[in-house]
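*Asks:* Encoded as structure tokens, here's the structure I'll be asking about.
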Amino acid sequence: MAAFVALLRAVNVGGTGKLPMSELKAMCEELGFGAVRTYIASGNVVFTSRKSESAIKAALEKRLHAYAGAPVGVLVRSAAEMAEVLADNPFAKMAPNRTVAIFLDKPPPANTLADIRGRKDEEIKLGRREIYVHYGDGMGTSKLAIPAAKTGTARNMNTIATLAKMAAEL
């Protein structure tokens, strides 16, 4: 069995998509995932499964849609991929709470950087299936808009480090 990390989009953020982590854990167990553990209330879960990444994504999205009555996006990475995201962070010397990886299903499109709007002091680099952003003044005041990130979900480097460690321990 392989270890995976699933990241849910727009769960328990800004008053939208209420989902207790105990419910998420139970859903994952119902789907046959093993060693299920959640991390903080923003929709992060680690587990083991024999299924492929795409099968995990499809099963979780279907189950979450039934629960929420609306689509809930899910981004999935293997334990090794999550460790790579952390290791490949181009802003490793910057504050980890001001640096995020925006997880995508596919590699960022070629026009990703050209389409960015509202950029001030943010630094942006493209990864395999991620967009890395360092927010110099923090995310709270940023007006940065990255159209290619619309269907993605962001996690800061502290969260990514914790999830990578949790997945490696499974």
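The values are calculated or read from the model by the stated rules, or taken from the named source; none is laboratory data. Everything numeric here is computed off the predicted structure, so don't read it as measured data. Cβ sites come from the backbone with ideal geometry, for glycine too, and all protein chains shown count toward neighbours. Surface areas here come from the heavy atoms of the whole protein model, side chains and all, with no ligands, DNA or RNA. Shrake-Rupley method; radii C 1.70, N 1.55, O 1.52, S 1.80 Å.
*Asks:* What tally of residues in the stretch 152-168 results from selecting those that are under 13 Å from the mean Cα position of the chain (by Cα) and either surrounded by fewer than 12 Cβ atoms within 10 Å (Cβ to Cβ) or in a helix (DSSP H, G or I) (or both)?
*Replies:* The qualifying residues number 8.
*Asks:* Within the stretch 114-123, take every residue that is without any contact (Cβ under 8 Å) to a residue 24 or more places away in the chain and open to solvent by 50 Å² or more (accessible area, probe 1.4 Å) and give me the one that is nearest to K51 (Cα to Cα). Give the derivation first.
*Replies:* Filtering the stretch 114-123 down to residues without any contact (Cβ under 8 Å) to a residue 24 or more places away in the chain leaves 114, 121-122.
Filter once more, so that each one left must be open to solvent by 50 Å² or more (accessible area, probe 1.4 Å): 114, 121.
Working: A114: 37, D121: 41 Å.
Checking each candidate, the answer is A114.
*Asks:* The conditions are (1) closer than 26 Å to A2 by Cα; (2) at pLDDT below 95, and G138 fails exactly one of them. Which is it?
*Replies:* (1)
*Asks:* While we're on this one: Working carefully through the options E81, E29, E53, E23, find the one that is of a type in the set (D, E) and within 23 Å of V133 (Cα to Cα).
*Replies:* E81
*Asks:* For the stretch 124-145, what are the residues that are closer than 17 Å to V85 by Cβ and either open to solvent by less than 30 Å² (accessible area, probe 1.4 Å) or not hydrophobic (A, V, I, L, M, F, W, C) (or both)? Even if it seems obvious, please write down each step before you answer.
*Replies:* Of the residues in the stretch 124-145, the ones closer than 17 Å to V85 by Cβ are 124-134.
I124, K125, G127, R128, R129, E130, I131, Y132, V133, H134, listed by residue number.
*Asks:* Mind checking whether some residue in the stretch 121-131 is modelled with pLDDT under 95 and either under 28 Å from G34 (Cβ atoms) or not hydroxyl-bearing (S, T, Y) (or both)?
*Replies:* Looking through the stretch 121-131, at least one residue is modelled with pLDDT under 95 and either under 28 Å from G34 (Cβ atoms) or not hydroxyl-bearing (S, T, Y) (or both).
*Asks:* Of all residues in the stretch 92-113, which are loosely packed, with under 15 Cβ neighbours inside 10 Å and within 16 Å of M157 (Cα to Cα)?
*Replies:* Taking the stretch 92-113 first, the residues loosely packed, with under 15 Cβ neighbours inside 10 Å are 92-93, 95, 97, 105-107, 109-111.
Within the stretch 92-113, A92, K93, A95, N97 meet the criteria.
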